[in-house]
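Worksheet for the structure shown next.
The values are calculated or read from the model by the stated rules, or taken from the named source; none is laboratory data. Please read these numbers as outputs of a predicted model, since none were measured by experiment. Heads up, the Cβs are rebuilt from the backbone with ideal geometry, glycines too, and the neighbour counts pull from every protein chain shown. Ligands, DNA and RNA are excluded from the accessible area calculation, which covers all protein heavy atoms including side chains. Shrake-Rupley method; radii C 1.70, N 1.55, O 1.52, S 1.80 Å.
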Amino acid sequence: MHNVTTIFRREFSSYFATPLALVFIVFFLVLAAAFAFQFGNFYDRGQSDLAPFFSYHPWLYLFLIPAISMRLWAEERKSGSIELLMTLPITTWQAVIGKFLAAWAFAGVALALTFPMWITVNYLGDPDNGAIFAGYVGSLLMAGGFLAIGACLSAATRNQVIAFIFTIGICFAFLLSGFPVVLALFEGWAPQPVVDAIASLSFLTHFQSISKGVIDLRDLLYFATVIGVWLAANSIVLDMKKAD
């Protein structure tokens, strides 16, 4: 646990060692507010809630989270510092967990800084704060899922741009897997259990379920499984790439 904490502190502090963290956070906050209040027709809806705010999170994360994850391992491999990291008295799994938690905490900081919007809707009306809290939980879990995928792909290449593009592609596939137009491609020939399994892989389906105010154990297990599987794959990829 101590080794994971050490890696976490090292990585988390590195985000704020350059102006990049500030640029990312400001960009995220501006886009989140613009989508919620402008494109989400917040004032025209006549409802005091953050539903428009959360509805755009999957699409914001589709591009912003890969920008965080692409550097996790690709930069280490390109600079050669990964060799130094792996000579430390830590296991590959501890390094994977520490880096992931640091990136997830950074994404959490950006998300937490949107709290003035929560205060605003409470000032303007009487929202369901339980549903808003659930929306924040779902958003953080979804960010963790995106980051776990991005971390694994970052470990597979030295090129951050390639990691960025592939992460967007796979996360986009996870988002779309629950859409009717996608499921229609399988319904004609695939057994129904297969179609249901594809639908259950959708980030969007599970996130929307939580953001409605219902924190279901199945949705929590889904995100925990996605994060766990991709982090395990991340560790395997690193072990395979040690010889590179």
* Taking only C-alpha pairs under 8 Å that are 6+ residues apart, what is the relative contact order of the chain in percent? -> 26 percent
* **Mean Cβ neighbour count within 10 Å, used as a protection proxy, ranking 216-224, 98-106 highest first** => 98-106, 216-224
* Asked: How long is the stretch 141-234 along each principal axis, judged by its Cα atoms, biggest number first, in Å?
  -> 40, 33, 20
* What ranking do 90-97, 180-187 get when scored by the average of other Cβ atoms within 10 Å per residue, highest first? -> 90-97, 180-187
* Fraction of accessible area attributable to carbon and sulfur, the stretch 99-153 (%, probe 1.4 Å) -> 74 percent
* Structure fact -> With the 8 Å Cα cutoff and a minimum separation of six or more residues, the stretch 150-244 has a relative contact order in percent of 34 percent
* **Label selected from (1) 7, 29, 33, 21, 8, 1; (2) 7, 25, 29, 22, 12, 4, 1, 0; (3) 7, 25, 26, 19, 12, 6, 3, 1, 0, the criterion being P(r) over Cα pairs in 10 Å bins from 0, in percent as computed here** => (1)
* **Distance in nm between pseudo-label sites at D216 and L201 (7 Å out along the Cβ direction from Cα)** => 1.9 nm
* Please give the peptides 110-122, 165-177 ranked by average Cβ packing (other Cβ atoms within 10 Å per residue), highest first, as a rough proxy for protection. => 165-177, 110-122
* Determine the dipole magnitude for the chain: charges of +1 sit on the beta-carbon of Lys and Arg, -1 on that of Asp and Glu, nothing else is charged, the reference point is the Cα centre, and the result goes in debye to the nearest 20. => 660 debye
* Cβ under 15 Å from A103's Cβ, A103 left aside: what net charge do those residues give with Lys, Arg +1 and Asp, Glu -1? -> +1
